[in-house]
Amino acid sequence: MRGVLAIFRRELVLAWAGGSGLFLPAAFFAGTIFLAPLGVGTEPRLLSALGPGLIFVALCLASLTTLERIFQADLETGALDHQRLAGLSMELVTLVKVAAHWLVSGLPIALLTPIAAVMMRAETVSASTILPVLLGSITIFLWGGVGASLTAGLRRSGPLVALLVLPLFVPVVIFGAEELNHLLTGGTFGAGLSLLAANSLAALAISPFAMSLALKLE
């Protein structure tokens, strides 16, 4: 367990130093939300209707800016082989790597949700609007880690990662946008949140084994 915690701390440092910290994904997300009214108009009803879906689409696209880096450097330097030879559980190691990248890339985006909702002229904005995006971002990074592990041995694999994982993001966008729309129009938590949570649990159960197997084949 001590070795896994050391890997987690190392991944946090590398994720930040490698440019996949707060600024790149969060700036991409904020830029998308900022530019949307310039393209579709500033009519409040239109913006509030488009807001939930646009927030989740921006979340998906922002996450793609960092996914390819999760395993690439470790595979090139042989760190993954060293961790495997050290007897560490590769399922746990891959999960820790994804968690570190989510912490510095996905969590800040979720925290920006209330600001994004205000920019999209939402009727009701509260801290609770963070929860659907938080669950959605966890699922996106878990499935994104699977795509990153499948393409870790390739250079400039970003477009291929996007091609592999975007179909897996579809349920997140559908359920997340529905739940966020419910909250932003004054409702309480509904079935969409339960479906998001179920999707997150499914990704948590499947992705570590899929990532471990994919990296063994690299």
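The values are calculated or read from the model by the stated rules, or taken from the named source; none is laboratory data. Small disclaimer: the values here were computed from a predicted structure and weren't measured. Here the Cβ is made from the backbone with ideal geometry for all residues, glycine too, and neighbour counts use every protein chain on show. Surface accessibility is based on the protein's heavy atoms, side chains included, excluding ligands, DNA and RNA. Shrake-Rupley method; radii C 1.70, N 1.55, O 1.52, S 1.80 Å.
Looking at LEU95, LEU135, LEU168, can you tell me which residue is buried (at least 22 other Cβ atoms within 10 Å of the Cβ), at pLDDT 90 or above and touching a helix residue (DSSP H, G or I) at 6+ places or on another chain (Cβ under 6 Å)?
LEU135
Condition first: modelled with pLDDT under 85, hydrophobic (A, V, I, L, M, F, W, C) and either in a helix (DSSP H, G or I) or in contact with a helix residue (DSSP H, G or I) (Cβ under 6 Å, 6 or more places away or on another chain) (or both). Now tell me which residues in region 185-213 satisfy that.
ALA191
The conditions are (1) open to solvent by 40 Å² or more (accessible area, probe 1.4 Å); (2) more than 29 Å from HIS182 (Cβ to Cβ); (3) in contact (Cβ under 8 Å) with a residue 40 or more places away in the chain; (4) small (Gly, Ala, Ser), and ALA100 fails exactly one of them. Which is it?
Result: ALA100 passes all but (1).
Of all residues being hydrophobic (A, V, I, L, M, F, W, C) and farther than 21 Å from GLU178 by Cα in region 33-50, which is surrounded by the fewest Cβ atoms within 10 Å (Cβ to Cβ)? Just the residue, please.
LEU38
For LEU111, only one of the following conditions fails: (1) over 18 Å from GLU179 (Cβ atoms); (2) surrounded by fewer than 18 Cβ atoms within 10 Å (Cβ to Cβ). What is its number?
(1)
Restricted to region 67-92, and to residues that are under 20 Å from the mean Cα position of the chain (by Cα) and open to solvent by 10 Å² or more (accessible area, probe 1.4 Å), which residue is nearest to GLY147 (Cα to Cα)?
GLU68
Write out, first by first residue and then by second, each pair whose Cβ atoms fall under 9 Å of each other, whose residues are 6+ apart or on separate chains, and whose first residue, in region 185-213, is loosely packed, with under 13 Cβ neighbours inside 10 Å while the second is part of a loop (DSSP other than H, G, I, E, B).
Close Cβ pairs (under 9 Å, with a partner that is part of a loop (DSSP other than H, G, I, E, B)) amount to GLY186/GLU123; GLY186/THR124; GLY187/THR124.
So is VAL118 without any contact (Cβ under 8 Å) to a residue 12 or more places away in the chain and among the aliphatic types (A, V, I, L, M) or not?
Yes, satisfied.
What about ARG156, is it touching a Gly at 6+ places or on another chain (Cβ under 8 Å) and part of a loop (DSSP other than H, G, I, E, B)?
When the stated conditions are applied, ARG156 does not pass them.
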